[in-house]
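A short worksheet on the structure shown next.
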Amino acid sequence: MFQEIGAFDAKAKLSELLRAVGLGQRYTITVRGKPVADLVPSETSVQHDVHAAVAAMRAFNKVEGLTAADIGEMVAEGRR
């Protein structure tokens, strides 16, 4: 979801806005109440995050020595 911010405020708070955009926030910059630009995360940063997430999942330790029945029992017991 985009948050609207006026051009004057965007100029005054640019560093703060860029940090927020780096965390996924999106802004629509307005001039006299009319939208003129969107400030969104860079595609390269989004791709980097996806690659990092995939690498983290692949590095996750796999559970060995359990059968499907064992896992079913754990789930039934409420264990995770």
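Scanning segment 18-41 for residues that are within 12 Å of the chain's Cα centre (by Cα) and of a type in the set (S, T, N, Q) returns a single hit, Gln25.
State the number of residues belonging to segment 44-75 that are in a helix (DSSP H, G or I), within 29 Å of the chain's Cα centre (by Cα) and either under 19 Å from Leu14 (Cα atoms) or not acidic (Asp, Glu) (or both). Within segment 44-75, residues that are in a helix (DSSP H, G or I), within 29 Å of the chain's Cα centre (by Cα) and either under 19 Å from Leu14 (Cα atoms) or not acidic (Asp, Glu) (or both) number 15. Residues that are at pLDDT below 90 and either out of contact with any Ser or Thr (no Cβ under 9 Å at 6 or more places or on another chain) or not β-branched (Val, Ile, Thr) (or both) do not occur anywhere in segment 3-21.
Entry remark, segment 1-39: residues being free of Cβ contacts under 8 Å to residues at least 24 places away in the same chain, outside any loop (DSSP other than H, G, I, E, B) and over 20 Å from Asp49 (Cα atoms) number 9 in total.
Taken over segment 27-68, the residue count meeting the criterion of being at pLDDT 90 or above and either of a type in the set (Phe, Trp, Tyr) or out of contact with any strand residue (DSSP E or B) (no Cβ under 9 Å at 6 or more places or on another chain) (or both) is 2.
The values are calculated or read from the model by the stated rules, or taken from the named source; none is laboratory data. All values reported here derive from a predicted model rather than from experimental measurement. Quick reminder, even Gly has a Cβ in these numbers, built from the backbone with ideal geometry, and neighbours come from all protein chains shown.
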